[in-house]
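The values are calculated or read from the model by the stated rules, or taken from the named source; none is laboratory data. On a predicted model such as this, the values are computed, not experimentally measured, just so you know. In this analysis, Cβ positions are derived from the backbone assuming ideal geometry, glycine residues included, and neighbour counts consider all displayed protein chains. Surface accessibility is based on the protein's heavy atoms, side chains included, excluding ligands, DNA and RNA. Shrake-Rupley method; radii C 1.70, N 1.55, O 1.52, S 1.80 Å.
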Amino acid sequence: MKRRTIFRTDLAASVISLGTADLGGSVPAKESEELLNLYTDRGGNFLDTAEVYANWLPIEPSSSERFLGQWMKSRGNRNELILATKGGHPRLDAMTISRIDPASLTADLEGSLRRLGADHIDLYYLHRDDPSVPVETVVETLERFVREGKIRYYGCSNWTIPRIEQANEYARSHGYAGFVAVQNLWNLAEVNPGSIADPTQVVSDREFVEWHRRTGISAVPYSSQANGFFSGRYRRDTAADFPGSGVVRTYCSETNFARLERAERLARELGVTATQIALAYLLSHPFPVFPIVGSKKKEHLLDSLSAADVPLDDEAALSLIE
């Protein structure tokens, strides 16, 4: 698979990242191993997890990290991978209580290292933000982790542009690399206003995309395939067949149905799938983009990985969102 260097790092990451939130949890162990093996056998090396992943299930906490650690140990391939995880997420039963203070971040990182069986994390994200915590405190905590050799680089997830710029300005003034990657919700579709219940999530809108273009900072989008919207399962005349669906609530709109139709038309011209077009759209941007895919089936993962070889020029990419 094609690789690209993450902004201000020496990390050459496969352009498609594998999200592991469901692996070892809602996806059984055998199938999870097969997905990981398939991804790495096809040249993938960029794995994404988090301290909080699968904590919504009635199983052992942080099971995604635990499973990933067991798999890496069995394969002996830790040093072949770019390992990314996230800390600083509020407890799921207390989402209003911030956890990006130094003590919480330290506890999260130490736990992640232990569960993953790793001596360091290549890319460590802050999973959420709390504007009441000074960026100086946050950056110095992360830099302490770097000095201790526990992380190599750090990024942020669900942070706003002003807070990222404040943090990176402080980092630059002290000779630090600062945030090298941003992980927000971003895909070919537009999110319907008011459809996201979690106020701590941040969507990368056109202003955010232009900010990435201007700064060159890498984007690592989650929900990169709009939760299956571009599979074609959801249509104008079938949306009512999925009552309570998060996809319907978040993405079903005239704007997005039109984008789906344009993606399907372009897919037919190129002999690929619309889901590949949706990923290729993200990859077509001039700054480094590493879409995260969370496939639960091998055929879906193969389809997603093939998007890395679908070339879209500027004209084709723009035609999808016009």
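With all protein chains present and a 1.4 Å probe, how do Lys297, Lys86, Lys150, Lys30 order by accessible area, largest first?
Lys30, Lys297, Lys150, Lys86
Kindly rank 250-256, 192-198 from highest to lowest mean number of other beta carbons found within 10 Å of each residue.
By packing density, highest mean first, the sequence is 250-256, 192-198.
With every protein chain left in place, what is the accessible area of Glu80 in Å² (1.4 Å probe, nearest 10)?
The accessible area of Glu80 comes to roughly 130 Å².
Å³ per residue of the Cα convex hull, for the chain?
Spread over its residues, the Cα hull of the chain gives 132 Å³ apiece.
Would you mind getting me the FRET efficiency between Asp237 and Glu110? Use the beta-carbon distance for r and R0 = 56 Å, nearest 0.05.
Once the sixth-power term is evaluated, E becomes 0.60.
Calculate the spin-label point distance for Leu38 paired with Ile196, positioning each point 7 Å from the Cα along the beta-carbon direction, and give it in nanometres.
Result: 2.8 nm between the two label points.
Counting only protein heavy atoms and using a 1.4 Å probe, what share of the accessible area of the stretch 235-279 belongs to carbon plus sulfur, as a whole percent?
51 percent
Determine the gain in length on full extension of the stretch Val209-Glu254; use 0.36 nm per residue of separation and subtract their C-alpha separation, reporting nm with one decimal.
Residue separation times 0.36 nm, minus the Cα-Cα distance, leaves 14.0 nm.
What ³J(HN,Hα) values, in whole Hz, does the Karplus curve 6.51 cos²θ - 1.76 cosθ + 1.60 give for the stretch 184-191 when θ = phi - 60°, with x put for Gly and Pro?
10, 6, 7, 7, 5, 7, 9, 6
Taking a 1.4 Å probe, which of Lys73, Lys296 shows the most accessible area, and what order do the others take after it?
Lys73, Lys296
For the stretch 199-209, what does the Karplus curve 6.51 cos²θ - 1.76 cosθ + 1.60, with θ = phi - 60°, yield as ³J(HN,Hα) per residue in whole Hz, taken in order and with x for Gly and Pro?
x, 8, 7, 10, 9, 7, 8, 4, 5, 5, 4
For the stretch 294-307, just list the computed ³J(HN,Hα) in residue order, Karplus coefficients 6.51, -1.76 and 1.60, θ = phi - 60°, integers in Hz, with x standing in for Gly and Pro.
x, 4, 9, 10, 4, 5, 5, 5, 4, 4, 5, 4, 5, 4
Mind putting a number on the dipole of the chain about its Cα centre? Charges go on the C-beta only, +1 for Lys and Arg and -1 for Asp and Glu, and I need it in Debye to the nearest 20.
520 debye
Sequence-distant or interchain residues sharing an amide H contact under 5 Å with Tyr154, placed H: which?
Tyr124, Val180
Springs between alpha-carbon pairs under 10 angstrom, Gaussian network model over the chain: which of Ala240, Ala177, Ala118 fluctuates most?
Per the Cα network of the chain with a 10 Å cutoff, Ala240 tops the list.
Any idea how far apart Ala12 and Ile321 come out in nm if each label point goes 7 Å out from Cα toward Cβ?
For the pair Ala12/Ile321, the computed spacing is 3.0 nm.
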